[in-house]
1. Looking at chain A, identify the longest residue range that excludes and avoids all chymotrypsin sites (Phe, Trp or Tyr not before Pro) in DSSP loops having at most 14 other Cβ atoms within 10 Å.
2. To the nearest 20 Debye, how big is the dipole of the protein assembly as shown about its Cα centre, given +1 on the beta carbon of each Lys and Arg and -1 on that of each Asp and Glu?
3. Would you kindly calculate the mean projected area, averaged across all directions, of the convex hull enclosing the Cα atoms of region B:59-110, in square nanometres?
4. In region A:113-173, what trypsin sites (Lys or Arg not before Pro) fall in a loop by DSSP, with at most 14 other Cβ atoms inside 10 Å?
5. Where in region B:78-136 are there trypsin sites (Lys or Arg not before Pro) that are in a DSSP coil and have at most 11 other Cβ atoms within 10 angstrom of their Cβ?
6. Determine the distance separating the Cα centre of region A:50-112 from the Cα centre of region A:211-242; give it in Å without decimals.
7. Could you look at the protein assembly as shown and say what percent of its accessible area is carbon and sulfur, using a 1.4 Å probe and all protein chains?
8. On a 28 Å Cα-Cα criterion, which of the cross-link pairs A:Lys98/A:Lys243; A:Lys162/A:Lys243; A:Lys110/A:Lys133; A:Lys213/B:Lys120; A:Lys94/A:Lys133; A:Lys94/A:Lys116 come out too long?
Amino acid sequence: MTVVEDRPAAEQAPVEDHQRIITVKVRRYDPEVDPEANWQSFQVPVEKGDRLLDALHQIKWYQDGSLSFRRSCAHGVCGSDAMRINGVNRLACKVLVKDLGDEILVEPIKGLAVLKDLIVDMEPFFEAFRAIKPFLITDGREPTRERLQSAEDRERFEDTTKCIMCAACTTACPVFWNDDAYFGPQAIVAAHRFIFDSRDDGAEERLEILNDKEGVWRCRTTFNCTDACPRGIQVTKAIQEVKRALIFRRG
Amino acid sequence: MTAVTETQQDRLVIEAPRTRKKRPSQSGRGTNFEMYAWIFMRMSGLLLVFLVLGHLSIMLLLDGGVQRINFGFVAGRWASPFWRTWDLMQLWLAQLHGTNGLRVIINDYAERDGTRFWLKMLLYTSSFLVLVLGTLVIFTFDPDLAG
Ligand code: HEM
Ligand code: SF4
Ligand code: FES
């Protein structure tokens with residue numbers, strides 16, 4: 001498809017034979033225009049292999065340049081484009097439009113302040129992440145070579161190393177929706193990654209942080225987080241393992 | 001394009017639709033009530049499987065089931081300390097389990113502090129009444145009342 005320079009943007013949406021038209025309903029919000037958020041429908045030509053991100057690009061590039069959303073890698077690596085798609089949290093760059101029906105609802109992830117359209121303020125999410133000390137903590141003297149680890153020891157926390165911090169899990173959690181102070185699944189996943197790392201000595205410290213009133217005990221085993229995670233991390237299982245470590249730890 | 005001044009910029013940071021009110025506490029000291037509540041939910045749930053299923057089978061299914069229940073049937077069972085203990089445990093465990101379950105649900109769904117407070121007061125008052133009344137009946141039940 002070629003973009004003809006001298007026609008107004010709105011007319012340039014190319015519809016070709018192998019494309020079909022779907023409706024994408026986006027939850028729009030621009031505080032400079034309207035203090036209320038509202039739905040806006042777009043007719044979008046898509047082809048078979050298109051992902052939702054392609055449909056959003058089509059809207060932004062050909063229909064309405066003011067549509068705002070985050071994305072970077074477009075391949076499920078950077079964690080920028082988690083959104084609520086047909087009511088569930090997904091990465092726009094990972095879901096195919098063919099799996100979403102002819103009318104697709106797209107909203108910002110829930111439980112964080114919306115700044116504009118699909119862009120939310122991620123700071124509270126990162127704050128919870130920082131609170132669990134997401135870095136190696138060690139006692140004793142610095143070793144003179146690498147900190148080695150057996151394959152089995154590494155396997156213990158393999159699953160939780162895969163997190164890309166997209167916030168799909170935390171903002172899928174009904175406890176987080178109504179309780180700002182809850183650390184949320186991601187922070188617990190991040191803590192799990194260090195608590196079960198044989199090279200790390202900060203487990204006790206992190207467990208104590210998550211033993212808080214707003215820590216792991218707020219989890220109600222809803223499994224929304226596990227369902228939402230684009231990396232297939234067993235989020236609920238990781239949370240349960242942290243609970244178990246708290247119950248059975250010594251001292 | 002008009003320039004946005006500092007103060008205008010501040011005003012653009014609006015509350016709706018959602019802002020964070022609280023932040024994760026950094027105290028680092030655990031309140032273990034939530035941990036004990038969590039363990040209690042699992043332990044009581046485990047016991048309730050036996051107590052409630054046993055109760056339901058005896059009262060509703062086995063041996064004529066619900067048709068044969070009357071004052072005499074209840075009096076007969078409560079003549080034995082075993083069934084009184086069974087029912088007492090079932091009452092306390094189910095009541096505390098259900099109350100704690102509703103407590104967390106209220107925490108999730110009540111958005112305003114006032115609503116949350118009053119819903120919990122209602123919950124605690126009603127479950128206290130049921131516990132006291134139920135316990136009273138189990139301990140002071142008099143089979144001769146029928147005669
Ligand atoms: C039959 C055996 C039962 C088992 C095994 C059981 C088990 C559980 C467990 C493990 C939880 C905690 C869920 C979580 O936080 O992850 C729970 C929650 C709950 N239970 Fe039970 N329970 C039983 C019977 C009952 C009864 C008889 C009642 C009502 C009196 C009840 C009312 C509740 C409520 C209201 C919740 C809170 C639900 C929620 O967190 O969303 N349960 N139950
Ligand atoms: S655990 Fe999964 S859903 Fe949660 S932030 Fe990490 S990658 Fe995203
Ligand atoms: S754009 Fe990077 S994860 Fe989707």
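The values are calculated or read from the model by the stated rules, or taken from the named source; none is laboratory data. Bear in mind that the values here come from a model prediction, so they are computed numbers and not experimental data. Quick reminder, even Gly has a Cβ in these numbers, built from the backbone with ideal geometry, and neighbours come from all protein chains shown. The accessibility values were calculated without ligands, DNA or RNA, using every heavy atom of the protein model including side chains. Shrake-Rupley method; radii C 1.70, N 1.55, O 1.52, S 1.80 Å.
1. Between the exposed loop sites, the longest stretch runs A:1-134.
2. Dipole size: approximately 1160 debye.
3. Here the figure is 5.1 nm², rounded to one decimal.
4. Here the sparse-neighbourhood loop sites are A:Arg141, A:Arg145, A:Arg147.
5. Answer by residue number: B:Arg112.
6. Cα centres, region A:50-112 to region A:211-242: 24 Å.
7. Exposed carbon and sulfur together represent 58 percent of the surface.
8. Cα-Cα > 28 Å for A:Lys98/A:Lys243; A:Lys94/A:Lys133; rest within.
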